[in-house]
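J.: Would you mind keeping the following structure in view while I ask a few things?
What follows is calculated from the coordinates using simple rules that are stated; it is not laboratory data. Bear in mind the structure is a predicted one, so any value in this text is a computation, not a measurement. Cβ placement follows ideal geometry from the backbone for every residue including glycine, while neighbour counts extend to all protein chains displayed.
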Amino acid sequence: MTQGSNPALRHLGLMTLLEGGSLIALVAIAMPLKYLAGLPEAVSAVGPIHGIFFLWTMAVLAITLYRQLLPIHHGAVVAVAALIPFGGLVSHRLVRRRLQATA
């Protein structure tokens, strides 16, 4: 995935991709299926998965911030990006760069 030896930062990098991908699936696939095709089951399936990934990402972010593995302003970027579709890509890039800098 990325270079670097810090498991917490590697875990955060993975979670930014999973959370970001699940948000894209929710907004770009599940919600249109619900509102345009009358299939609310799509949101019922994808929504909880995204919710779990979001909470997991925030927990891993809190751990990395507590351990001072990531500057607080980078942590704020990761947290805000988790609320925006495709923001996970920004977060992943930021975490990947941090991993490379610490390698």
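J.: For region 1-102, state which trypsin sites (Lys or Arg not before Pro) are in a DSSP loop and have at most 15 other beta carbons lying within 10 Å of their beta carbon. Could you put the intermediate results ahead of the total?
T.: Values: sites: Arg10, Lys34, Arg67, Arg93, Arg96, Arg97, Arg98; in loops: Arg67.
Taking region 1-102 and a limit of 15 other Cβ atoms within 10 Å, the loop trypsin sites (Lys or Arg not before Pro) found are Arg67.
J.: Which chymotrypsin sites (Phe, Trp or Tyr not before Pro) in region 28-103 sit in a loop by DSSP (not H, G, I, E or B) and have at most 16 other Cβ atoms within 10 Å of their own Cβ?
T.: Working: sites: Tyr35, Phe53, Phe54, Trp56, Tyr66, Phe86; in loops: Phe86.
Within region 28-103, the qualifying chymotrypsin sites (Phe, Trp or Tyr not before Pro) (loop, at most 16 other Cβ atoms within 10 Å) are Phe86.
J.: Can you pull the percent of Cα pairs in the chain with separation above 23 Å?
T.: Values: 1487 of 5253 pairs.
Value for the chain: 28 percent of Cα pairs lie more than 23 Å apart.
J.: Place a +1 charge on the Cβ of each Lys and Arg in the chain and a -1 charge on the Cβ of each Asp and Glu, then give the dipole magnitude about the Cα centre in debye, rounded to the nearest 20.
T.: Details: 7 positive and 2 negative charges, 79 e Å.
It works out to roughly 380 debye.
J.: Next up: Find which of Ile29, Pro48, Pro85 sits farthest along the positive direction of the dipole of region 7-102, computed with +1 on the beta-carbon of Lys and Arg, -1 on that of Asp and Glu, about the Cα centre.
T.: Pro85
J.: Below 8 Å, C-alpha to C-alpha, sequence gap of six or more: please give me the relative contact order for the chain in percent. Write down the numbers at each step before the final one.
T.: On the way: 117 pairs, mean separation 46.3, N = 103.
Answer for the chain is 45 percent.
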